[in-house]
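The values are calculated or read from the model by the stated rules, or taken from the named source; none is laboratory data. Source: prediction; values computed, not measured. Every residue, glycine among them, receives a Cβ derived from its backbone with ideal geometry; neighbour counts consider all protein chains shown. When the accessible area is computed, the model is the full protein with side chains, heavy atoms only, and any ligands, DNA or RNA have been set aside. Shrake-Rupley method; radii C 1.70, N 1.55, O 1.52, S 1.80 Å.
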Amino acid sequence: MLEIRHLKTLHALRETDSLVEAAERLHLTQSALSHQLKDLEEKLGQSLFVRKTKPVRFTSVGLRLLRLADEVLPLLRGAERDLSRLAGGTAGRLHMAIECHSCFQWLMPTIDQFRDAWPEVELDLASGFAFAPLPALARGDLDLVVTSDPQELAGITYVPLFTYEALLAVANQHALANKSYVQPEDLSSEVLISYPVERERLDVFKHFLDPAGVDPLEVRTAELTVMMMQLVASGRGVCCLPNWALAEYSERGYISARRLGSQGLYATLYAALREDMLDAPFMRDFLLTAKDTSFATLAGVSSARPGK
């Protein structure tokens with residue numbers, strides 16, 4: 001009666017708190033996911049969760065199956081790793097670089113979990129801000145690059161990790177905090193705080209300000225997110241960051257976060273790797289672990305959107 005896919009479905013529903021996002025995460029249509037849940041409920045003769053509740057409220061039956069999922073799914077992943085080792089490919093090298101200052105929030109737990117599962121793999125991490133990591137990847141100096149700015153390079157493929165929304169952080173007393181969303185011209189009189197990254201690599205310029213022909217009054221840089229938040233909260237400027245990076249500060253009331261444009265500014269984070277590494281068992285497991293960790297730890301991320 002019970003299948004692994006049922007446990008994965010309930011686990012995804014709990015993690016995303018949405019039928020739509022759970023379906024995206026499992027690469028199913030919403031209709032297929034709803035049918036799967038309804039079919040299981042009919043077999044069990046009981047409901048798994050209460051419809052039209054936010055957050056999703058599970059019944060006692062649903063909660064019992066979730067406890068089972070928490071026990072079984074990690075064991076299943078461990079067994080898959082063991083099978084990969086038995087088939088070979090237990091050793092190798094995974095040298096990576098990141099082009100995202102905020103990525104340490106989910107990348108470090110991913111690396112810790114991966115290191116425990118694949119102790120034979122030589123693991124190294126570098127910042128991609130002081131050099132061009134994608135050409136280094138193509139040369140073979142690196143094995144993986146985390147980026148939101150894919151470039152067409154021979155032999156390089158991009159695996160989408162998740163989609164996120166970029167938001168503008170402003171002081172609670174700032175005039176922009178009273179607007180439902182920000183227009184490009186609203187930033188013409190603002191000090192824009194950013195990480196020390198080239199302008200052409202920042203989404204707020206590439207996809208928001210530059211297309212509108214708008215420049216901020218001034219650009220100021222800061223190395224750390226917490227420094228940026230202190231500057232914003234004290235009225236020294238505004239900054240654009242991923243929704244997950246701002247969640248902690250906005251939820252505590254330190255700053256206000258506003259959407260960029262009426263439709264929002266979205267971007268997708270990718271893992272760039274050489275095509276010859278796609279079939280390496282440890283690389284496949286790292287990508288799965290990265291996706292699982294990001295969905296479990298980051299607020300406001302979703303499965304990669306087509307065309308993003």
- For labels at ASN178 and LEU75 in the simple 7 Å Cα→Cβ model, what's the distance in nm? 6.0
- Query: How high is the relative contact order of region 66-192, given as a whole-number percent (alpha carbon pairs under 8 Å, six or more residues apart)?
  - Reply: 24
- Excluding ligands and nucleic acids, what accessible area in Å² is computed for GLU165 using a 1.4 Å probe, to the nearest 10? 20
- Note on the structure: Computed from the beta carbon distance with a Förster radius of 25 Å, FRET efficiency for ALA132 and ARG220 to the nearest 0.05 stands at 0.55
- Round to a whole angstrom and tell me the spacing of the C-alpha centers of region 247-304 and region 24-43. 24
- Note on the structure: Computed, not fitted: 222 nm per-residue ellipticity of the chain from DSSP H runs ≥ 4 (each -39500 (n - 2.57)), nearest 500, equal to -12000 deg cm²/dmol
- Task: Report, by chain and number, residues whose modeled amide H sits under 5 Å from the one on LEU94, excluding near sequence neighbours (fewer than 5 apart, same chain).
- Result: GLU122, LEU123, ASP124
- So how much accessible area does VAL191 have, in Å² to the nearest 10, using a 1.4 Å probe? 30
- Message: How large is the accessible surface of SER189 in square angstrom, using a 1.4 angstrom probe and rounding to the nearest 10?
- Response: 80
- Can you figure out the FRET efficiency of THR157 with ARG284, using R₀ = 22 Å and their beta-carbon distance, to the nearest 0.05? 0.95
- Message: Please check: in the Gaussian network model of the chain (C-alpha springs, under 10 Å), which one of VAL219, VAL20, VAL50 has the largest mean-square fluctuation.
- Response: VAL50
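Report the calculated FRET efficiency for ASP17 and GLU251 (r = Cβ-Cβ distance, R0 = 22 Å), to the nearest 0.05.
It comes out at approximately 0.90.
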- Using a simple spin-label model with points 7 Å from Cα along the Cα→Cβ vector, what separation in nm is obtained for ILE4 and GLU275? 2.9
- For labels at GLU198 and ASP124 in the simple 7 Å Cα→Cβ model, what's the distance in nm? 2.4
- So how many Lys-Lys pairs in the chain land under 17 Å Cα to Cα, not counting same-chain pairs under 8 apart? 5
- Item | Prolate/oblate/rounded call for the chain, Cα gyration tensor, a/c under 1.5 rounded | oblate
- So what is the relative contact order of the chain, in percent, for Cα pairs below 8 Å that sit 6 or more residues apart? 23
- Note on the structure: Checking every Cys Cβ in the chain against the others at 4.7 Å leaves as unpaired CYS239, CYS240
- Item | Interchain or long-range residues, amide H under 5 Å from ALA222's placed H | SER194, TYR195
